[in-house]
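Peer 1: Handing you a structure now.
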Amino acid sequence: MSSQNNISAAITPAGFWRRHRDTIILVGLLALMLFGLAGVAAATGWEETISQLRSLSIGQVLMLLALSLVNYFFRAGRWHIFTKAMKLGTELLANIRHFLGGFAMSVTPGRLGELIRMRWIRRETGHSFGETAPLVLVDRASDLSAMALILAVSLALSKGGIAFALPVAGLAFGFAFVVTRPKLLSLVITTVFRITGLFPKTMVKIRRAARSLRAFRTIPVVTSTTILGLFGWFAEGYAFYILLVWMDVSVGLWMAMAIFIFSTLAGGLTGAPGGVGGAEAAMIALLTIEGVPIEVSVAATAIIRLTTLWFAILIGLVVFPIAERLSLRGAYADID
């Protein structure tokens with residue numbers, strides 16, 4: 001009888017939504033991005049945009065994907081260093097699997113779905129979410145600090161500028177600074193809770209997590225993870241630059257780097273899953289300001305987003321079921 005009830009629940013609209021929610025959201029966001037880019041392309045003429053897309057060879061597309069892989073694996077290596085600093089007992093291959101598998105959830109609001117990594121760690125090691133939560137904070141902080149630094153350097157070395165870029169870089173670096181300082185983070189969380197009174201349980205968990213952040217502040221950990229983050233994000237920014245070169249756009253390496261990093265940060269600040277919508281709009285607008293024809297801007301934006309964000313999600317979708325299955329085989333598989 002219970003199995004029949006489960007089947008009945010699954011075929012109801014609510015049951016169908018629960019079972020296929022992530023897939024529906026993923027497809028919807030991809031459609032939203034493509035629809036938006038297609039709308040801009042249609043307004044300027046399909047022929048020119050399609051011509052730009054066809055101008056790239058398979059080898060060039062593979063080069064872009066390879067540079068994205070450099071980013072993913074460098075950041076996975078950084079994740080491994082963070083887990084070692086916390087003495088969680090996970091090995092390199094497991095940490096890479098966890099990190100890449102989490103990309104399947106990149107399109108959740110604020111990328112909160114990537115917390116699935118904590119679930120896998122708990123199954124395999126027995127460490128609770130409260131114990132591993134600092135990984136999420138320090139990983140995000142490391143991304144933001146690396147991107148803020150690259151953006152600031154790019155603006156300093158480029159011939160032009162980007163409105164609001166320095167405040168965005170400052171905001172990203174400021175957030176990274178706060179969440180890696182245990183006492184400061186606890187003070188901020190306490191102050192926010194006293195003012196708003198919102199999410200008391202979450203606030204308590206974050207305060208507890210802050211106490212473990214000291215493990216990440218040793219010189220070897222800070223140095224190695226910073227270098228990996230900088231090289232990783234530089235690789236994707238460089239991919240955007242060579243893409244523009246292949247499209248006969250001469251905006252310069254550092255301006256291309258600044259546009260890519262700023263657009264990625266701006267998309268994240270919107271809170272939209274994966275920054276979809278905001279990142280593309282910012283990228284097209286900034287390229288247009290630099291004198292790039294709109295049909296080239298749209299094509300370049302579509303290609304770089306497909307070979308970075310959506311390529312990462314594709315990798316995540318491939319690795320996710322593997323990570324899920326292997327985590328269930330762990331010694332703590334009964335804890336869920």
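The values are calculated or read from the model by the stated rules, or taken from the named source; none is laboratory data. Please read these numbers as outputs of a predicted model, since none were measured by experiment. Note: ideal-geometry Cβ built from the backbone for every residue, glycine included; neighbour counts use all protein chains shown. Areas reflect the complete protein model, heavy atoms only, side chains present, ligands, DNA and RNA absent. Shrake-Rupley method; radii C 1.70, N 1.55, O 1.52, S 1.80 Å.
Peer 1: Among the chymotrypsin sites (Phe, Trp or Tyr not before Pro) in segment 131-188, which ones are in a DSSP loop with at most 13 other Cβ atoms within 10 Å of the Cβ? Mind listing them?
Peer 2: Those satisfying the criteria are Phe164.
Peer 1: On to the next question. Relative contact order of segment 172-310, please, whole-number percent, based on alpha carbon pairs below 8 angstrom and at least 6 residues apart.
Peer 2: That works out to 15 percent.
Peer 1: Bin width 10 Å, alpha-carbon pairs only: give the P(r) of segment 238-324 as whole percents, running from 0 to the bin holding the largest distance.
Peer 2: In whole percents, the pair-distance histogram is 18, 48, 25, 8, 2.
Peer 1: Considering only protein heavy atoms, with the full assembly of protein chains and a 1.4 angstrom probe, order Tyr72, Tyr241 by accessible area, largest first.
Peer 2: Tyr241, Tyr72
Peer 1: Heavy-atom accessible area of Leu92 with all protein chains present, probe 1.4 Å, nearest 10 Å²?
Peer 2: That residue has around 80 Å² of solvent-accessible surface.
Peer 1: Can you tell me the length gained on complete extension of the stretch Leu62 to Thr191, counting 0.36 nm per residue apart and subtracting the Cα distance?
Peer 2: 41.6 nm
Peer 1: So what is the relative contact order of segment 242-311, in percent, for Cα pairs below 8 Å that sit 6 or more residues apart?
Peer 2: Value for segment 242-311: 26 percent.
Peer 1: Only Lys, Arg, Asp and Glu count, each charged at its Cβ (+1, +1, -1, -1), so figure out the dipole size of segment 117-183 about its Cα centre, rounded to 20 debye.
Peer 2: I would put it at about 100 debye.
Peer 1: With each label point set 7 Å from Cα along the Cα-Cβ vector, what nm distance links Ser128 and Arg54?
Peer 2: Modelled inter-label distance: 6.1 nm.
Peer 1: I would also like to ask the following. Going through segment 156-245, which trypsin sites (Lys or Arg not before Pro) have at most 13 other Cβ atoms within 10 Å and a DSSP loop state?
Peer 2: Passing sites in segment 156-245 are Lys159, Arg217.
Peer 1: Once the Cβ-Cβ distance between Lys87 and Ile227 is put in as r, and R0 is 22 Å, what FRET efficiency do you end up with, to the nearest 0.05?
Peer 2: Efficiency for this residue pair is about 0.50.
Peer 1: Trypsin sites (Lys or Arg not before Pro), restricted to segment 67-107: which are DSSP loop and have at most 16 other Cβ atoms within 10 Å?
Peer 2: Lys87
Peer 1: Let me ask something else. Over all Cα pairs of segment 147-230, how is the pair count split among 10 Å bins, expressed in % and running from 0 up to the last occupied bin?
Peer 2: 15, 35, 30, 17, 3
Peer 1: Tell me, what HN-Hα J-couplings in whole Hz come from the Karplus equation 6.51 cos²θ - 1.76 cosθ + 1.60 at θ = phi - 60° for each residue of segment 133-147, using x for Gly and Pro?
Peer 2: Residue by residue, segment 133-147 yields 3, x, 4, 5, 4, 6, 5, 5, 5, 5, 4, 5, 5, 5, 5 Hz.
Peer 1: Give the distance, in whole Å, between the Cα centre of segment 155-179 and the Cα centre of segment 275-296.
Peer 2: The distance from the Cα centre of segment 155-179 to that of segment 275-296 comes to 19 Å.
Peer 1: Separate question: How much accessible area does Phe234 have with a 1.4 Å probe, in Å² rounded to the nearest 10?
Peer 2: Solvent-accessible area, nearest 10 Å²: 70 Å².
Peer 1: Next question. Keeping all protein chains in the complex and leaving out DNA, RNA and ligands, what accessible area do you get for Ser250 with a 1.4 Å probe, in Å² to the nearest 10?
Peer 2: Its accessible surface works out to 120 Å², give or take rounding.
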